[in-house]
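Here the structure is laid out as structure tokens; the discussion comes afterwards.
The values are calculated or read from the model by the stated rules, or taken from the named source; none is laboratory data. If you're wondering where the values come from, they're calculated on a predicted model, not measured in any experiment. Glycine gets a Cβ as well: all are built from the backbone with ideal geometry, and neighbour counts include every protein chain shown. SASA here: full protein model, heavy atoms, side chains in, ligands and nucleic acids out. Shrake-Rupley method; radii C 1.70, N 1.55, O 1.52, S 1.80 Å.
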Amino acid sequence: MQAKVHWACLIPSIILSLILIGIPGLIGKLIKMAITELGFTNKNFIGKVGLINTKVLNSPLNKINNISVESGIWGKIFGYGTVHVDTASGAYDFKFIARADNFRTNLLNAIEQYEQDKIKKQAQEMANAMKNS
């Protein structure tokens, strides 16, 4: 599954552009929207934020300690939020993520499935070792 930055992150810059002709701010938000990556596979969590100062997260699912979502009034209205991810190597924030609660739920389900698959694999290896003894 992959998450995208919600278009609502453009609203402050659009308003500012209308008031102050803040085109550079709008362009900056468009670039941020295009380069932010957030997703997961059945084994890894992947996240990247930034163009010049880039912060990259690539972590196995079993190394994720906590994932939470924060959204204010505008986030609830427009359907976006900030995804906070705590791993063994540090904490990461991904802002303006579309359907952040859905992303969190799916990630938690993937982590649970990963743990169940790991236990099944260990049980199978133990059964095979006992059979071969």
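If I filter region 76-86 down to residues being in contact with a strand residue (DSSP E or B) (Cβ under 6 Å, 6 or more places away or on another chain) and touching a residue at least 24 places away in the same chain (Cβ under 8 Å), which single residue comes out as most open to solvent (accessible area, probe 1.4 Å)? Even if it seems obvious, please write down each step before you answer.
Here is the first cut: in region 76-86, the ones in contact with a strand residue (DSSP E or B) (Cβ under 6 Å, 6 or more places away or on another chain) are 80-86.
Subset that is touching a residue at least 24 places away in the same chain (Cβ under 8 Å): 80, 83, 85.
Numbers: TYR80: 38, VAL83: 0, VAL85: 0 Å².
Among those residues, the one meeting the criterion is TYR80.
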Only one of ILE52, ILE73, ILE21 is surrounded by fewer than 13 Cβ atoms within 10 Å (Cβ to Cβ), of a type in the set (Val, Ile, Thr) and modelled with pLDDT under 80; which? ILE21
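Working carefully through the options GLN122, GLN113, find the one that is of a type in the set (S, T, N, Q) and modelled with pLDDT of 90 or more. Write out each step before concluding.
Details: GLN122 fails: modelled with pLDDT of 90 or more.
GLN113 is the lone residue from the list that is of a type in the set (S, T, N, Q) and modelled with pLDDT of 90 or more.
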I need the full set of residues from region 95-128 which are in contact with a helix residue (DSSP H, G or I) (Cβ under 9 Å, 6 or more places away or on another chain) and free of Cβ contacts under 8 Å to residues at least 60 places away in the same chain, in order please. ILE111, GLU115, LYS118
